[in-house]
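Asks: The structure that follows is given in the form of structure tokens.
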Amino acid sequence: MQRLTILLSLLFLLSTSTTFTRGHNITHILGKHPSFSTFNHYLTLTHLAGEINSRNTITVCAVDNAAMSELLSKHPSIATIKNILSLHVLLDYFGTKKLHQIREGTALAATMFQATGSAPGSTGFVNITDVKGGKVAFGPEDNEGNLDVFYVKSLEEIPYNISVIQISKVLPSDVAAAPTPEPSAMNITDIMSAHGCKVFADTLIANPEASKTYQDSVDGGLTVFCPLDDPFKAFFPKFKNLTASGKVSFLEFFGVPIYQSLAMLKSNNGIMNTLATDGEKKFDFTVQNDGEDVTLKTRSITAKIVGTLIDEQPLAIYTIDKVLLPKELFKAAPTPAPAPAPEKEVADAPKSSKHKKPSSDVVPSDSPADSPDGDLADQTADDNASVTLYGGRLVAMLLSLCSGLLLL
């Protein structure tokens, strides 16, 4: 009996070691409820669906088609709709049971609108109150304490992962519903300058060709990765050594000609072309995720996204902690050759008191790249192989133990 118990435990461990948890999909969840099709459509159109799917603990306060029709009758821009709907995404789990058991009867929940940085002060928070008669009321912080939106029913709950509930109408918020400027009217260098990227912004303004490329790309979709002031100041002497065309290409290298929300970046690893990409001149970099972090990699530099300046379709601007170096303009430092094995010393030979001077050769920072293109792919393949090998050893070990017990 004891052997059987051990065997069953090992088999359970073996099965769980090869099980993977699938994340939620808000589009599929709402797709089961046709009366929420308009809300579902605009979650996709504004790219909020991808951001919802990328989070683990979240509550979506959905409104039905009638409530959405009332909102759309005011003809808000797509950016304004995104702000309004992001106020309906709570960054915490509120299932039916939790809503009716709120400690002290009220709770303040942060929303995705607050997380974007577009909401001044605490206007991106929602007050949830368990009122008399078993009702649960909702109200944005900028609604002067009015709680006239109520919980209707639960649509789907995956405990502590995602809760999708229906509320009676769209949450009223003057801040979220405020008209947003047309994309072409946005001054991207002003946005950068006001949020820690002034050096890069000033450099872009001083280069009319690159600056025009950025501004002309906004309407069609633009994502900018802006180096923070300190790393760009340190890099600036190297920038001044570039040719005129090299400076244009370098500045355009930090812009991507499509809109990419942070959630999209987290789910779309791989090569990304830039405004500088032109035929054989690739000027690309690799987007790669590390947990919740998003990194951008060139051959010699790995930078991390550390902030969001604006994320309003079709424009997104993020700050990065390092200056990316395109391989078309900067040579990667060569890998040092392995040191030769020390020669066996002759027994009575005198030892030299002089040491060999280290090489003073430095790779020019602005010389053409000549390193092989396969480095990153090889490293990825090695990493994948090591994971596969480890998993294979674990399974083999458990199977061996099971076989041994059966033979006893």
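The values are calculated or read from the model by the stated rules, or taken from the named source; none is laboratory data. Fair warning: this is a prediction, and the values are worked out from it, not measured in the lab. Neighbour counts run over all protein chains shown; Cβ positions are idealised from the backbone, glycine included. Note: accessible area is taken over every heavy atom of the protein model, side chains too, but ligands, DNA and RNA are not part of it. Shrake-Rupley method; radii C 1.70, N 1.55, O 1.52, S 1.80 Å.
Asks: Please verify whether Leu155 is of a type in the set (A, V, I, L, M), farther than 30 Å from Leu315 by Cβ and crowded, with 16+ Cβ neighbours inside 10 Å, treating the condition exactly as stated.
Replies: On the way: of a type in the set (A, V, I, L, M): yes; farther than 30 Å from Leu315 by Cβ: yes; crowded, with 16+ Cβ neighbours inside 10 Å: yes.
So Leu155 fits the description; yes.
Asks: Further question on the same structure: Where residues in segment 82-108 are out of contact with any Cys (no Cβ under 9 Å at 6 or more places or on another chain) and under 15 Å from Ala176 (Cβ atoms), which of them is surrounded by the fewest Cβ atoms within 10 Å (Cβ to Cβ)?
Replies: The extreme case among them is Ile84.
Asks: Right, something else. Ile84 passes all but one of (1) within 13 Å of Val170 (Cβ to Cβ); (2) of a type in the set (A, V, I, L, M, F, W, C); (3) in a loop (DSSP other than H, G, I, E, B); which number fails?
Replies: Tallying (1) within 13 Å of Val170 (Cβ to Cβ); (2) of a type in the set (A, V, I, L, M, F, W, C); (3) in a loop (DSSP other than H, G, I, E, B), Ile84 fails exactly one: (3).
Asks: If Pro172 passes every condition in (1) open to solvent by less than 70 Å² (accessible area, probe 1.4 Å); (2) at pLDDT 90 or above; (3) assigned by the TED database to the domain that holds His47 but one, which one does it miss?
Replies: (3)
Asks: Which numbered condition in (1) closer than 23 Å to Ala49 by Cβ; (2) surrounded by fewer than 17 Cβ atoms within 10 Å (Cβ to Cβ); (3) among the hydrophobic types (A, V, I, L, M, F, W, C); (4) free of Cβ contacts under 8 Å to residues at least 60 places away in the same chain is the only one that Ala185 fails?
Replies: (1)
Asks: Right, here's the next one. Restricting to segment 302-331, what's the tally of residues that are open to solvent by 10 Å² or more (accessible area, probe 1.4 Å), of a type outside the set (S, T, N, Q), more than 13 Å from the chain's Cα centre (by Cα) and within 16 Å of Thr116 (Cα to Cα)?
Replies: Number satisfying all stated conditions: 4.
Asks: Right, here's the next one. Among the residues of segment 265-301, write down those that are assigned to a loop (DSSP other than H, G, I, E, B), open to solvent by 40 Å² or more (accessible area, probe 1.4 Å) and touching a Ser or Thr at 6+ places or on another chain (Cβ under 7 Å).
Replies: The one that is assigned to a loop (DSSP other than H, G, I, E, B), open to solvent by 40 Å² or more (accessible area, probe 1.4 Å) and touching a Ser or Thr at 6+ places or on another chain (Cβ under 7 Å): Arg299.
Asks: Which pairs have Cβ atoms under 7 Å, sit 6 or more apart or on different chains, and link a residue in segment 149-173 that is within 21 Å of His28 (Cβ to Cβ) to one that is surrounded by fewer than 17 Cβ atoms within 10 Å (Cβ to Cβ) and aromatic (Phe, Trp, Tyr)?
Replies: Matching pairs, first to second residue: Ile167/Phe150.
Rundown of residues vs (1) in the same structural domain as Gly95 (by the TED database); (2) at pLDDT below 95, yes/no style:
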| position | (1), (2) |
| --- | --- |
| Asp148 | yes, yes |
| Ser154 | yes, no |
| Ala176 | no, yes |
| Ser193 | no, yes |
| Thr203 | no, no |
| Ala206 | no, no |
| Cys226 | no, no |
| Ala234 | no, no |
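Asks: Continuing with the same structure: When you check Pro34 against the structure, is it more than 24 Å from Tyr318 (Cβ to Cβ) and touching a residue at least 60 places away in the same chain (Cβ under 8 Å), yes or no?
Replies: Values: more than 24 Å from Tyr318 (Cβ to Cβ): yes; touching a residue at least 60 places away in the same chain (Cβ under 8 Å): no.
In short, no.
Asks: Additional query: Which of the numbered conditions does Val199 fail, given that it passes all the others? Conditions: (1) modelled with pLDDT of 95 or more; (2) in contact with a strand residue (DSSP E or B) (Cβ under 6 Å, 6 or more places away or on another chain).
Replies: Of (1) modelled with pLDDT of 95 or more; (2) in contact with a strand residue (DSSP E or B) (Cβ under 6 Å, 6 or more places away or on another chain), only one is false for Val199: (2).
Asks: Which members of segment 40-81 meet the condition of being outside any helix (DSSP H, G or I), among the small types (Gly, Ala, Ser) and modelled with pLDDT under 90? Walk me through it before giving the result.
Replies: First, pick out the residues of segment 40-81 that are outside any helix (DSSP H, G or I): 46-47, 54-64, 73-77.
From the residues that got through so far, the ones that are among the small types (Gly, Ala, Ser) too are 54, 62, 73, 77.
Listed by number, the residues that qualify are Ser54, Ser77.
Asks: Keeping to segment 119-141, report how many residues are open to solvent by 40 Å² or more (accessible area, probe 1.4 Å) and not in a strand (DSSP E or B).
Replies: The number of residues fulfilling the criteria is 9.
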